[in-house]
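Novice: Below: one structure in structure tokens.
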Amino acid sequence: MIRILIAEDQRLLRGALASLLDMEEDMEVVGQAGDGQEALDQILSLQPDVCLLDIEMPVITGLEVAERLKAQMAACKIIILTTFARPGYFERAVKAGACGYLLKDEPSEKLAEAIRRVMAGHREVSPELVFGSFRQENPLTARERDILRLIAEGKTANEIAATLHLSHGTVRNYISETLNKLSAKNRIEAIGIAEQKGWL
């Protein structure tokens, strides 16, 4: 029996997926989570064979859950379910060790078969998502991403400098370099570009 945990913040979709997968003779849904932290806690306590992870969830994202599980060397196999063909998301999912990267609107029988194939040691990726992943590499450094995230949270350059223990001038240089790399006119546009490409 394949033991499955479903992490999806839309309750209706989560319930529908659980019902459909529970009808498969060789599958059992052992847990459901509505946010990333709940998913992480349940995976560590329930030890499912497979976790279906939505990317955009409250508290922590599905990608962050996958990254933390990889760091903890958890045995659970991760399948990312998404509606987004964003290059940066696919890149992060692969680096986090995800075994599958599938569209949410796949037919249920296709999802069940993908779960079986992942359990057999294969990788499963929706073709549409593969084609969407041909992209430029993320040009931002880790520090530039940190600063852009803090800007997105509404922090000023002085607050960012204090948070990251940098000088005000250094923060301004990072922001200027980030705008140049993204060909953005201002900070808001830079955040939009980075989010759209899945680089934040």
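The values are calculated or read from the model by the stated rules, or taken from the named source; none is laboratory data. Computed from a predicted structure; not experimentally measured. We place every Cβ from the backbone using ideal geometry, glycine too, and count neighbours over all the protein chains shown. Surface accessibility is based on the protein's heavy atoms, side chains included, excluding ligands, DNA and RNA. Shrake-Rupley method; radii C 1.70, N 1.55, O 1.52, S 1.80 Å.
Novice: Listed residues Gly154, Gly198; which is free of Cβ contacts under 8 Å to residues at least 12 places away in the same chain and of a type outside the set (A, V, I, L, M)? Step through it out loud before you land on a result.
Specialist: On the way: Gly198 fails: free of Cβ contacts under 8 Å to residues at least 12 places away in the same chain.
On inspection, the qualifying residue turns out to be Gly154.
Novice: Just need a number here: residues in segment 61-103 that are assigned to a loop (DSSP other than H, G, I, E, B), in contact with a helix residue (DSSP H, G or I) (Cβ under 7 Å, 6 or more places away or on another chain) and farther than 20 Å from Ala194 by Cβ.
Specialist: 5
Novice: In addition: Do we have Leu63 as more than 17 Å from Leu17 (Cβ to Cβ) and open to solvent by less than 30 Å² (accessible area, probe 1.4 Å) here?
Specialist: Yes: the conditions hold for Leu63.
Novice: Looking at (1) open to solvent by 20 Å² or more (accessible area, probe 1.4 Å); (2) modelled with pLDDT under 90; (3) among the hydrophobic types (A, V, I, L, M, F, W, C); (4) within 30 Å of Pro48 (Cβ to Cβ), which one does Phe131 not meet, given that it meets all the others?
Specialist: Every listed condition holds for Phe131 apart from (4).
Novice: What's the total number of residues in segment 155-185 that are assigned to a loop (DSSP other than H, G, I, E, B) and either over 27 Å from Glu91 (Cα atoms) or open to solvent by 70 Å² or more (accessible area, probe 1.4 Å) (or both)?
Specialist: Of the residues in that region, 7 qualify.
Novice: Also: For segment 1-30, give me each residue that is over 17 Å from Leu102 (Cβ atoms) and among the hydrophobic types (A, V, I, L, M, F, W, C).
Specialist: Met1, Leu12, Met23, Val30
Novice: Which members of segment 1-28 meet the condition of being assigned to a loop (DSSP other than H, G, I, E, B) and surrounded by 19 or more Cβ atoms within 10 Å (Cβ to Cβ)?
Specialist: Scanning segment 1-28 gives Glu8, Glu24.
Novice: Moving on to the next point. Quick check on this structure: which one of Ala33, Ala71, Ala39 is more than 16 Å from Leu103 (Cα to Cα) and surrounded by fewer than 14 Cβ atoms within 10 Å (Cβ to Cβ)?
Specialist: Ala71 is the lone residue from the list that is more than 16 Å from Leu103 (Cα to Cα) and surrounded by fewer than 14 Cβ atoms within 10 Å (Cβ to Cβ).
Novice: If I filter segment 186-199 down to residues being surrounded by fewer than 17 Cβ atoms within 10 Å (Cβ to Cβ) and closer than 12 Å to Ile151 by Cα, which single residue comes out as farthest from the chain's Cα centre (by Cα)?
Specialist: Checked segment 186-199; the qualifying residue farthest from the chain's Cα centre (by Cα) is Asn186.
Novice: Something else about it: Which members of segment 78-127 meet the condition of being under 20 Å from Ala16 (Cβ atoms), at pLDDT 90 or above and open to solvent by 60 Å² or more (accessible area, probe 1.4 Å)?
Specialist: Passing the criteria: Glu113, Arg116.
Novice: Something else now. For the structure I just gave you, tell me whether Gln42 is in a helix (DSSP H, G or I), touching a Gly at 6+ places or on another chain (Cβ under 6 Å) and modelled with pLDDT of 90 or more. Steps first, please.
Specialist: Values: in a helix (DSSP H, G or I): yes; touching a Gly at 6+ places or on another chain (Cβ under 6 Å): yes; modelled with pLDDT of 90 or more: yes.
Against the criterion (in a helix (DSSP H, G or I), touching a Gly at 6+ places or on another chain (Cβ under 6 Å) and modelled with pLDDT of 90 or more), Gln42 qualifies.
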